[in-house]
Structures are given as structure tokens and as C-alpha cells.
1. Normalised by the number of residues in the chain, what is the relative contact order in percent for Cα pairs under 8 Å and 6+ residues apart?
2. Is it possible to state the helix-based mean residue ellipticity at 222 nm for the chain, with each DSSP H run of 4+ residues giving -39500 (n - 2.57), the sum divided by total residues, to the nearest 500 deg cm²/dmol? What is it?
3. Calculate the spin-label point distance for Ala28 paired with Arg289, positioning each point 7 Å from the Cα along the beta-carbon direction, and give it in nanometres.
4. Along the Cα→Cβ direction, 7 angstrom out, place labels at Phe334 and Ser115. What is the inter-label distance in nm?
5. Given the Cα-Cα distance of Glu309 and Thr2 and 0.36 nm per residue of separation, how much length would full extension add, in nm?
6. Determine the percent antiparallel among the DSSP beta bridges restricted to the chain, to the nearest 5.
7. Sorted from largest down, give the three principal axis spans of the alpha carbons of the range 205-293, whole angstrom values.
8. If you take all C-alpha pairs in the chain, what percent of them are over 30 Å apart?
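None of the figures in this text is laboratory data; all of them are computed from the coordinates on show. Every value quoted in this text rests on a predicted model; they were computed, and no experiment measured them. Here Cβ is always computed from backbone atoms with ideal geometry, including for glycine, and neighbour counts include all displayed protein chains.
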Amino acid sequence: MTRVFSGIKPTGHLTLGNYLGAMRQWAAVDQHQADALFCIVDLHGMTVDHDPARLRRLTRQAATLLLAAGLDPELCTVFVQSHVDEHTRLSYLMECVATDGEMRRMIQYKEKVASEAVRGRSVRLSLLTYPALMAADILAYGADEVPVGDDQAQHVELTRDLAVRFNQRYGHTFVVPKATVPKVAARVMNLQDPMSKMGKSDDSGPGVVYLLDEPEVIRKKIMRAVTDSGQEVVYDREEQPGVANLLEILAACTGGNPESLATVHDSYGALKRATADAVLDVLGPVQARHKELCVDPGYVEEVLRHGAEKARAIARPIVDTAYRAIGLLPPGAFAEDAVAQPAVNAAR
Ligand code: TRP
């Protein structure tokens with residue numbers, strides 16, 4: 001069975017973009033069709049300035065929301081990255097296989113460095129080495145497929161390069177994974193700035209629908225979405241990005257397609273009302289389930305404990321193999337090597 005691995009970073013409250021672009025596909029498709037692991041990648045949440053209490057809170061919330069969105073611990077593995085040591089164990093090996101130039105070429109890194117530089121600030125070293133950890137996340141599980149948005153495609157590409165290089169140098173160890181674009185996923189843009197994606201880390205309130213926003217707040221944000229100069233509802237991503245975004249959200253929530261929905265709604269107001277209704281229909285059950293889960297934190301705790309155990313059982317032998325392949329002496333294997341190489345000079 002195909003193994004799928006994906007991760008979500010607890011750096012902000014999860015958004016409609018996370019839900020329609022990833023979580024929903026994981027719940028509706030991946031967990032049923034594949035041996036799927038979903039990881040709350042908390043270590044990745046520390047590559048930029050972070051508040052410890054907030055990181056902890058967002059990690060709990062992300063776990064609860066993943067279950068609320070329909071991930072079923074009977075079908076897939078849900079766990080927290082820092083609960084499984086293999087990620088950091090393997091990350092170091094990845095740093096020994098990658099070059100600094102490769103890391104510096106990553107678009108996300110370059111953009112962040114540039115924006116911090118204008119303020120005279122430097123970035124954390126972990127921001128540079130982040131793709132090594134991400135590669136470790138994926139390779140430690142022998143994942144075949146990694147469903148991610150296009151902003152992560154470059155990191156998965158690098159993961160492939162590192163896997164191939166490691167295998168060539170040290171013997172076949174890793175499955176070479178590939179990025180997949182989720183089939184039912186929508187690319188949700190910021191309601192106030194439809195040229196940029198609805199990201200959780202930007203925290204630019206009015207343009208971002210958070211999964212746990214109150215229903216009235218969600219409706220208000222959608223009703224106040226920027227539209228374009230024009231009157232007619234047409235689906236044109238280039239010329240009318242605001243309207244196109246609403247149409248895509250509506251399509252993603254109702255299962256329709258944006259082109260034909262454009263012909264159904266004859267004013268921006270009607271389109272916004274329909275979109276708000278559709279979003280609330282989709283998020284209502286998620287919010288209700290989230291509320292139930294919050295009453296029973298012991299259950300979520302247990303899911304994460306069991307998830308980490310299952311994850312460890314997969315990752316441990318793969319990472320151990322990599323340690324041995326790269327030349328690290330396994331504990332307990334001293335005598336084994338000594339017998340194989342009796343001569344003093346043979347150890348050079
Ligand atoms: N870098 C991803 C993001 O920012 C999160 C992530 C970390 C990830 N490790 C991963 C995604 C492994 C897929 C597989 O969204």
C-alpha cells in the first residue's frame with residue numbers, strides 16, 4: 001500500500017485554506033486509500049521567533065482540529081513530531097548529505113532572509129536547515145507520496161535529491177518520495193488580498209477565515225471580502241482575483257465548479273451570501289466535533305500517544321539502517337566489526 005506522509009505546522013490558528021487545501025483531502029481520501037501518517041510538525045514551528053506557551057497551545061489545537069476534521073486514528077496515524085526522536089536523529093544525517101548552497105537556494109528561506117534584512121535582523125539557523133528536517137520527516141517513514149501545496153514542492157524536490165544522493169553514496173536506504181497535488185484541494189486566497197494565499201502565519205485577521213472563528217465572524221469576513229471593479233460575476237483569476245477566489249471557495253464547499261457557479265450568481269452580494277452559507281455548512285460539523293473533543297482532552301492525548309508509538313515503530317528501523325549505512329557504529333556492534341577487521345591498518 002502506498003505510504004503517504006504530510007505535516008502541518010502549528011504556527012498559527014488553522015484556516016479555511018488549511019482545511020480546503022489539505023485537511024479535508026487527508027480525511028476524505030488519503031486515510032482511506034493509503035497507509036497515511038499526519039504529523040503536527042512542532043519542531044518546524046520554532047524556525048522563527050516563537051512564544052513557548054503559544055506553540056504548546058497551537059499544537060494541542062491542531063491535533064484536536066485534525067481529529068475534528070475527520071482524521072480517524074483507526075485509519076491513519078496522527079502524531080506530534082517532537083514525540084518521535086527519529087526526526088531529529090535523521091535530520092542531522094540529512095545535514096551531512098546536503099550542501100549549504102542547496103539550502104540557501106530555497107525560495108521560502110530567501111524571501112524570509114530578504115524581509116528580515118531590510119529590518120537589520122538575522123534569521124535563526126534552523127530556518128536555513130529546515131529542509132533537512134523536513135526531508136527527515138518524510139524519509140524516516142519511507143513515504144511514497146507527500147501531498148503538499150505548491151509552496152512546498154521545492155522542499156519535496158530537495159528531499160528527493162537527498163534520498164537519491166544518500167542511496168548512491170551509502171547504499172539503498174530510502175524510498176524516493178514524490179509530491180502530489182491533492183485532487184480535491186482548493187487554493188484559498190486571502191479575502192483582503194486575493195493575490196496571496198490564506199496563510200495561518202500572516203495573522204492578518206479580516207482576510208483569513210479561521211476554523212474556529214464564530215459563525216457571525218466568518219460571515220462578516222466573507223461579506224467584506226474585496227471584489228473587483230466590475231459588476232458581473234465572471235470566473236477570471238487574472239482579471240478578477242477576488243471574485244475568482246470566492247467562486248473557488250464556493251465550488252470547493254459545494255462540489256461544483258467555479259465556471260458554472262459564476263453563471264448562477266448574478267451579483268457580488270449574492271455570490272458572497274452563497275459562499276458564506278456554504279462555508280458555514282462545511283465548518284459547522286467540524287466546529288461541533290471540536291467542541292466535543294475539547295471536553296475530552298484525555299482522548300486526544302491517547303490518540304497522540306498511540307500515534308507516536310506507531311510512528312516510532314516505522315521510523316526507528318529505517319533511521320537505524322541509515323545510521324549504520326553512513327558509517328556510525330551501532331551500539332553493541334563493536335565486536336562484530338572488530339572480528340571483521342583484525343589487522344591494525346585495516347581500520348584506516
Ligand atoms: N514545511 C511544511 C509547511 O510549511 C510542513 C512540513 C514539515 C511538511 N515537514 C513536512 C509537509 C513533511 C509535508 C511533509 O507547510
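1. Numbers: 527 pairs, mean separation 74.7, N = 348.
Normalised by residue count, the contact order of the chain is 21 percent.
2. Details: 12 runs with 170 residues, N = 348.
When only DSSP H runs of four or more count, the value is -16000 deg cm²/dmol.
3. 1.3 nm
4. 5.1 nm
5. Values: separation 307, 0.36 × 307 = 110.52 nm, distance 2.02 nm.
Length gained between Glu309 and Thr2: 108.5 nm.
6. Working: 2 of 16 bridges.
The antiparallel fraction comes to roughly 10 percent.
7. 43, 26, 20
8. On the way: 25824 of 60378 pairs.
Here the long-distance tail beyond 30 Å is 43 percent of all Cα pairs in the chain.
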